[in-house]
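Student: Okay, handing you the structure first.
The values are calculated or read from the model by the stated rules, or taken from the named source; none is laboratory data. Computed from a predicted model, the values in this text were never measured in an experiment. Glycine gets a Cβ as well: all are built from the backbone with ideal geometry, and neighbour counts include every protein chain shown.
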Amino acid sequence: MNNFFAKIYELTIDAYGYNLTEYLYGNGEGMSTYVLFGLIQIGISLSTVLIFYYIMNRPDFNRWYNWALIGFANIILQFGFVVLYLNIQLQNGVLVVDGVGLYEITMFSLTAIVPVALIQYIIFSFMLRWWSTNCSTTPYPQ
Amino acid sequence: MDNKLFIFGIGGTGVRVIKALTMLLASGVYIKSSQIIPIIIDPHQDNQDLQRTHQLLRNYQKIYKILREDNNGAFFNTKITTLPNLISSEERLGENFTFNLKDVADFKFKQYIDHTTLDDSNKALVDLLFSEANLETVMDIGFVGNPNIGSVVLNQIKDSDEFKHFASNFKKNDRIFIVSSIFGGTGAAGFPILLNNIRSANSNDNIKVTNSKYLSDAKIGALTMLPYFGVEPVDQEQINEEKGNRQINKETFISKTKAALDYYCENITGHNQSVNAFYYIGDENTKDYKNDPGDHGQKNDAHFVELAAALAIIDFMNIGDEDLVTENGQALSPIYKEFGVKADKDSLNLLDLGDHTQQMIMTPLTQFFLCLKYLDEELETTIRKGQPWVNRKQPNVNKQFLTSSFYRNLKQLKQSFDSWLQEMGRNHRSFKPFRLNQDISNCINEIESNRKFTYNTFNSSLNEVERKQNHTLVEHKVMALFEQATMEILTKKFSQFK
């Protein structure tokens, strides 16, 4: 699973540098940060989609831009979480890798976490919208 | 169920009762009849009430025509047809709902009876029975409150082609209902004549059809409207100057009613027992209408009493055959009924209706009102913005639907429906079931929803019911969805509709 997430997140390695990946990949002990982020991203994207399609599920909130707004919130949430999490690790001295600072963390979140969040939101939306009463044709009719 | 109901609406009141019945049937109030054939007898062809009712019936027919195939819904569920439609195309009489009275348009009554050619003794008799004003009455606006004129002119019914066609299409299981007012001219005169013609159809040499024997023992219901409105008094000067012979005097309504009731007692309800079920409806709480005998089109506001009269027709069809047995033209156990409401108030709402009436009309009328309100106020927005119920499954409800003849007819019918409600609301006694100009959350008079009710709620219900339905025609889809969605809304959001 670590390799799976590593492959995805490292597609944009040029944007944030090799050094950070070492920390994210871990040393094989316990859950790696890649897996942690991967599962959290799936969890947040899935929850956001379920909330939009089945909890909110409102006829007056089922236009494509409402869907896009929730999708944007999903991205911001995940971006913010990762930046905050890694920054805390950095501040607390847990993340001690040469050449890794707030810039690299931000770039990682922007180029690796954000696209994954977006893709997950789209995929989950199209997978799960069918059973929604009021939003099954969002973002566009079936 | 293969039983037709022939409804004779005589005079202005008859026309307005047919209008009220059409509104009820459009909203899905159930009547135990496979088809209804309204036959309007009114010499006043320019009568605006008649024109409006014609328009409404035509709208209804056009909508029904599209919905009838595979229509299991309640809205527009009953077929309304014309007498000519029952007849094969070769013999068609015309396409409208009216009975053509001959030699009435632009004819004075004295011309109709050939007054000038009468011998002295007959002329003397005529002069005894009819005033000069009666003889000078031009009958194209009706009989202007003169049943003595009507009783002569309407006697032509029995020899008319329409009556022959009616007789030849009348089957054993069919029923007849006659609506008339007792205090006017056309209805008061026409009802006993028509009834007599029907009961004696078997002995009428002009009607040589095998079915005529069914008419003599037909199950006949009738409703007579006792005074329920007045007319404004006209000053003497105007009477002298303009058309003294044509003005209607409301002071005579009660005396005319008493005289007619006495006549009915002798000839209809008494030992003759010509009617199987007889309904009396009227109201003491009245409003004076403009004194217009007909010259200005005769456009009277709809009245709650006319709605009650329409309910009598539905009630008549609910009576079992075993209670309407007729032998040799006499009803064996005639039924007499009146109508009442829960409270003697100037302004009635749905909750003031009797329990049985509430059960019959409260839900369908409200469903229909909500449906038309949505279609008029919200559908365009919904199509523009999109909701699953319009475009999740084929057929889609799209912009083309908004330009379809079905939608146009529905919009026209909505206008008639709103006018009808508005008029009942401003009449005396008034009936205001809905607040027409209020928004959807607050549009049912005196009935509040348990939870907030908006077009959002409406769309949510439509989206939900759409899942469970499949249709091939968009018109079926729209009406079926609205029927079920409005029912869900009423039962879930309003405790009074449970």
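Student: Among the residues of the range B:463-478 satisfying the criterion of being part of a helix (DSSP H, G or I) and more than 8 Å from chain A (Cβ to nearest Cβ), which is nearest to B:Y374 (Cα to Cα)?
Tutor: Of all residues in the range B:463-478, those part of a helix (DSSP H, G or I) come to B:463-467, B:474-478.
Adding the requirement that they be more than 8 Å from chain A (Cβ to nearest Cβ) leaves B:465-466, B:474-478.
Values: B:V465: 16, B:E466: 16, B:V474: 16, B:E475: 15, B:H476: 16, B:K477: 15, B:V478: 11 Å.
Ranking the candidates gives B:V478 first.
Student: Here's something else I'd like to know. Of all the residues that make up the range B:347-388, how many are within 14 Å of chain A (Cβ to nearest Cβ) and closer than 18 Å to B:K498 by Cα?
Tutor: Here is the first cut: in the range B:347-388, the ones within 14 Å of chain A (Cβ to nearest Cβ) are B:374, B:378-379, B:381-388.
Checking the rest, the ones that are also closer than 18 Å to B:K498 by Cα come to none.
Total satisfying the criteria: 0.
Student: Has the range B:323-330 got at least one residue that is at pLDDT 90 or above and touching a Lys or Arg at 6+ places or on another chain (Cβ under 7 Å)?
Tutor: Within the range B:323-330, one or more residues are at pLDDT 90 or above and touching a Lys or Arg at 6+ places or on another chain (Cβ under 7 Å).
Student: Now a separate question. How many residues does the range B:407-441 contain that are part of a loop (DSSP other than H, G, I, E, B), polar (S, T, N, Q) and surrounded by fewer than 19 Cβ atoms within 10 Å (Cβ to Cβ)? Spell out the reasoning first.
Tutor: First, pick out the residues of the range B:407-441 that are part of a loop (DSSP other than H, G, I, E, B): B:427-429, B:432-433, B:435-439.
Within this subset, residues satisfying the condition of being polar (S, T, N, Q) are B:427, B:437-438.
Still in the list and also surrounded by fewer than 19 Cβ atoms within 10 Å (Cβ to Cβ): B:437-438.
Adding up the residues that qualify gives 2.
Student: Return yes when B:I489 is in contact with a Phe, Trp or Tyr (Cβ under 8 Å, 6 or more places away or on another chain), within 14 Å of another protein chain (Cβ to nearest Cβ), over 19 Å from B:E380 (Cα atoms) and of a type in the set (V, I, T) and no when it is not. Don't jump to the end; show me each part of the working.
Tutor: Details: in contact with a Phe, Trp or Tyr (Cβ under 8 Å, 6 or more places away or on another chain): yes; within 14 Å of another protein chain (Cβ to nearest Cβ): yes; over 19 Å from B:E380 (Cα atoms): yes; of a type in the set (V, I, T): yes.
Answer is yes for this residue.
Student: Sticking with this one: Output yes when any residue across the range B:398-405 is within 24 Å of B:K468 (Cα to Cα) and among the charged types (D, E, K, R), and no when none is.
Tutor: There is at least one residue in the range B:398-405 that is within 24 Å of B:K468 (Cα to Cα) and among the charged types (D, E, K, R).
Student: Looking only at the range B:452-462, filter to residues that are among the aromatic types (F, W, Y) and facing chain A (nearest Cβ under 9 Å); which one of those is nearest to B:I440 (Cα to Cα)?
Tutor: To start, the set of residues in the range B:452-462 that are among the aromatic types (F, W, Y) comprises B:453, B:455, B:458.
Cutting the leftovers down to facing chain A (nearest Cβ under 9 Å) gives us B:455, B:458.
Details: B:Y455: 7, B:F458: 9 Å.
Ranking the qualifying residues of the range B:452-462, first place goes to B:Y455.
Student: Of everything in the range A:18-33 that's assigned to a loop (DSSP other than H, G, I, E, B) and either touching a Ser or Thr at 6+ places or on another chain (Cβ under 6 Å) or at pLDDT 90 or above (or both), which residue is surrounded by the fewest Cβ atoms within 10 Å (Cβ to Cβ)?
Tutor: So in the range A:18-33, the residues assigned to a loop (DSSP other than H, G, I, E, B) come out as A:26-32.
Among the residues that remain, those that are also either touching a Ser or Thr at 6+ places or on another chain (Cβ under 6 Å) or at pLDDT 90 or above (or both) are: A:26, A:32.
Numbers: A:G26: 16, A:S32: 20.
Across the range A:18-33, the extreme among qualifying residues is A:G26.
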